[in-house]
Amino acid sequence: MKKRLRKKLHKGEFQQVGISFFTPANTDNVNKVLDAITHIADKNDILFIGGGPGYIIMPAEKYGNMDVPANIEALITDISLSTGEQLDGIIGYFIKPFEKEICKDAAEKVKSELEIALGSEFKINLRIDLWN
């Protein structure tokens, strides 16, 4: 596959890899859980993009014209079109803005910090293609 096509399709050296995340939450505890998640992301110099019942977390303006990967764009659209009762948890992606991936050590650190902070059951995939 030619380099131009790989870039357009976000394949090979142009692939962007992040962490997918889901944890159960309801309207009573969604603020507390989102605060913990965003604190962990900020502390590790990564972004959390996603949401839960009644909330959407998007990148701040300081990230400018960052290309939002297709999977994240679809997720945000789904969250924004649903009502709070339809969401049974917080779902989203951790990404490293302007970089191809979150290194393995940082991903493991995020996972362990989430285990400590949330103390509840959650699902995490430490390596997911954000475009395909």
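Every residue, every condition in (1) at pLDDT 90 or above; (2) touching a helix residue (DSSP H, G or I) at 6+ places or on another chain (Cβ under 8 Å); (3) farther than 15 Å from Val33 by Cα; (4) assigned to a helix (DSSP H, G or I), yes or no:
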site	(1), (2), (3), (4)
Ile56	no, yes, no, no
Met66	no, no, yes, no
Glu85	no, no, yes, yes
Leu114	yes, yes, no, yes
Asn132	no, yes, yes, no
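In segment 45-57 there is at least one residue that is aromatic (Phe, Trp, Tyr), open to solvent by less than 50 Å² (accessible area, probe 1.4 Å) and either over 14 Å from the mean Cα position of the chain (by Cα) or over 14 Å from Trp131 (Cβ atoms) (or both).
The values are calculated or read from the model by the stated rules, or taken from the named source; none is laboratory data. All figures in this text were calculated on a predicted structure; none of them were measured in a lab. Cβ atoms come from the backbone with ideal geometry, glycine included; neighbour counts cover every protein chain shown. Heavy atoms of the whole protein, side chains included, go into the accessibility calculation; ligands, DNA and RNA do not. Shrake-Rupley method; radii C 1.70, N 1.55, O 1.52, S 1.80 Å.
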